[in-house]
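All remarks here apply to the structure that follows.
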Amino acid sequence: MTSEANAVHLIGHFVDGRRIDGTSGRRGDVFDPATGRRTGQVALASAADVADAVTAAGRAARTWRDASLAKRTAVLFAFRELVHARRDRLAEVITAEHGKVLADAAGEVQRGLEVIEYACGIPSALRGGFSENVSTEVDSYSLRQPLGVVAVISPFNFPVMVPLWFVPVAVACGNAVVLKPSEKDPSAALLLAEWFAEAGLPDGVLNVVNGDAEAVDALLDHPGVQAVSFVGSTPVARHVHQRGTAAGKRVQALGGAKNHMVVLPDADLDLAADAAVNAGFGSAGERCMAISALVAVEPVADALVARIAERMGRLRTGDGRRGCDMGPLVTAAHAAKVRAYVEAGVAAGAVPVVDGRDVAPDGDPAGFWLGPTLFDRVTPDMSIYTDEIFGPVLGVLRVGSYDEAVDLVNANPYGNGTAIFTNDGGAARRYQHEVEAGMVGINVPIPVPMAYYSFGGWKASLFGDLHAHGADGVAFFTRGKVVTSRWLDPRHGGVNLGFPTQT
Ligand code: NAD
């Protein structure tokens, strides 16, 4: 007889080149958000499980740091081919545990592939400088060397793209990695680790430890971990940065967001309405680059709201495997939380132009549904504005001028991304200069930088100095070293205790 508990699929860890279940005995439930059904249980690592992974990574790091650039890039090229060939499979796994529609999941895989491709070019990115004759017959040159073992801790909303923001770059730089994915959708990370191994990555260079806060804190405290790349909500990012740096680690902790889209009166309103709908409701608003606050500079608001509402009427919410536009929210608890924000918005006096609570989804009624919701006449004191909702809820704030719009955006504690829609190049240029955010779109709604630039916000959206991937990623995962060398010429020499200067 097989009990229901025995039949549940266990999602374990990947350590030193093989799947293991771990020793903690603690487990978390994993759901298919479109059906509401539990599809598996994920092992939640203890500090001892984490220590095993760090030990394996430490062992691997000692030899991987000496692997030639040719060897490292050969593995990365092979990994890129595997991910590319199996991208549909990866997208299916994302949709099954996250809920986002298949086309969106495929887009996420594509953005992750771009970082792998960037890491394939690591020989260029890692090049140092060389100066001949900095002093007579003395040369100076710079190197960048790996840190050792680094931890990557990722959120639920991009189970493939966010791990791939960091892992390929860290590995290409010669580090070993312990990846701790979100416990809500852990399966994709295990596939990535297995495919990396298949591509030739030696055992222990990439380990996946599943778990929750206990595993994260164990990574932050472990003396064998040199650096931590974290992505998640702002309170947790702040905690990770504080605890990690207190333990002497290098930390980049990317946090939450409240992304504003400013629409000036001269904007192309159809373009702006399309962008607001795409960026507001894509992935059910569960994107760190989602637009959640639309700042309409009057007299544009009435026309813009009408255009957005008209487009929202055509959106199909439902199971991501059925060709719908928008999927469910990730968990029942998160759906209830977002629904409570909608209720709070109504109670605070915002105008619900489209109310997602009424949605009739194309999917199992037990799924975690909430339809796209549009509020007009939102004011900055309302919780639907002050808080990161992370759901399909777009609020329109009406302002009287460009200056008022910039002041509103800059007064917000978050500074991840922002966009401006206008046909006035001077206004756009002024906005890019004045706005306090790490990523700016001009007539582009989701300004996620390409892999060869770096991704990161300002203010409460990032704790630490360096952003993800691109040149910042390489800098984060390496330490600089400068060598000054002289090959002895018999004409030189002799004792001189003065401070060395150029001669
Ligand atoms: P989360 O903060 O709940 O979880 C992120 C990671 O931290 C997970 O791996 C989780 O297991 C772990 N964690 C959760 N609580 C913890 C605790 N108390 N102590 C230690 N670790 C803990 O975030 P989430 O809900 O998975 O993801 C959504 C959030 O991530 C949103 O706020 C979103 O804006 C943010 N995000 C930001 C970016 C960015 O680039 N800035 C990108 C993606 C997501």
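Can you tell me how many residues in the stretch 342-365 are modelled with pLDDT of 95 or more, over 19 Å from D387 (Cα atoms) and out of contact with any helix residue (DSSP H, G or I) (no Cβ under 9 Å at 6 or more places or on another chain)?
Here the count works out to 5.
Does the stretch 345-365 contain at least one residue that is away from the ligand (no atom under 16 Å from the Cβ), among the aliphatic types (A, V, I, L, M), surrounded by 14 or more Cβ atoms within 10 Å (Cβ to Cβ) and assigned to a helix (DSSP H, G or I)?
yes
Could you check how many residues of the stretch 318-337 are among the β-branched types (V, I, T) and crowded, with 23+ Cβ neighbours inside 10 Å? Please lay out each step first, then the result.
Taking the stretch 318-337 first, the residues among the β-branched types (V, I, T) are 330-331.
Those left that are additionally crowded, with 23+ Cβ neighbours inside 10 Å: 330.
Matching residues across the stretch 318-337 total 1.
Would you check if there is a residue in the stretch 189-197 being under 19 Å from S46 (Cβ atoms) and within 20 Å of the chain's Cα centre (by Cα)?
Step one: filter the stretch 189-197 for residues under 19 Å from S46 (Cβ atoms), giving 189-190.
This time we only want the ones that are within 20 Å of the chain's Cα centre (by Cα), so: 189-190.
Checking the stretch 189-197: at least one residue is under 19 Å from S46 (Cβ atoms) and within 20 Å of the chain's Cα centre (by Cα).
Which condition does L191 not pass, out of (1) within 30 Å of R38 (Cα to Cα); (2) in contact (Cβ under 8 Å) with a residue 60 or more places away in the chain; (3) crowded, with 24+ Cβ neighbours inside 10 Å, if it passes all the others?
All conditions pass for L191, except number (3).
How about the stretch 198-214: which of its residues are over 19 Å from the mean Cα position of the chain (by Cα) and either near the ligand (Cβ under 9 Å from one of its atoms) or among the basic types (K, R) (or both)?
E214
For the condition farther than 16 Å from G256 by Cα and either touching a strand residue (DSSP E or B) at 6+ places or on another chain (Cβ under 9 Å) or crowded, with 22+ Cβ neighbours inside 10 Å (or both), what is the one hit in P413, P372?
Step by step, each of P413, P372 is checked, and only P372 is farther than 16 Å from G256 by Cα and either touching a strand residue (DSSP E or B) at 6+ places or on another chain (Cβ under 9 Å) or crowded, with 22+ Cβ neighbours inside 10 Å (or both).
Only one of these is near the ligand (Cβ under 10 Å from one of its atoms) and either surrounded by fewer than 24 Cβ atoms within 10 Å (Cβ to Cβ) or not assigned by TED's automatic domain parsing to the domain that holds N410 (or both): V251, V300, V231. Name it.
Of the residues listed, the single one that is near the ligand (Cβ under 10 Å from one of its atoms) and either surrounded by fewer than 24 Cβ atoms within 10 Å (Cβ to Cβ) or not assigned by TED's automatic domain parsing to the domain that holds N410 (or both) is V231.
For the list (1) part of a strand (DSSP E or B); (2) within 12 Å of the ligand (Cβ to nearest atom), I need the number of the one condition that R243 fails.
(1)
Does L219 count as more than 16 Å from R80 (Cα to Cα) and within 16 Å of the ligand (Cβ to nearest atom)? Talk me through it step by step, then tell me what you get.
Values: more than 16 Å from R80 (Cα to Cα): yes; within 16 Å of the ligand (Cβ to nearest atom): yes.
So L219 fits the description; yes.
Quick one: would you say A151 is in contact with a helix residue (DSSP H, G or I) (Cβ under 6 Å, 6 or more places away or on another chain), surrounded by 13 or more Cβ atoms within 10 Å (Cβ to Cβ) and within 17 Å of T73 (Cβ to Cβ)?
For A151, the condition - in contact with a helix residue (DSSP H, G or I) (Cβ under 6 Å, 6 or more places away or on another chain), surrounded by 13 or more Cβ atoms within 10 Å (Cβ to Cβ) and within 17 Å of T73 (Cβ to Cβ) - is not met.
Just one of (1) under 27 Å from the mean Cα position of the chain (by Cα); (2) surrounded by fewer than 24 Cβ atoms within 10 Å (Cβ to Cβ); (3) more than 16 Å from the ligand (Cβ to nearest atom) trips up G313, so point out which.
(1)
Would you call V162 closer than 25 Å to P235 by Cβ, in contact with a Phe, Trp or Tyr (Cβ under 6 Å, 6 or more places away or on another chain) and surrounded by 24 or more Cβ atoms within 10 Å (Cβ to Cβ)?
No; evaluated as a whole, the condition is false for this residue.
The values are calculated or read from the model by the stated rules, or taken from the named source; none is laboratory data. Quick caveat: nothing in here was measured; it's all calculated off a predicted structure. Reconstructed Cβ throughout: ideal geometry from the backbone, glycine too, with neighbour counts over all protein chains shown.
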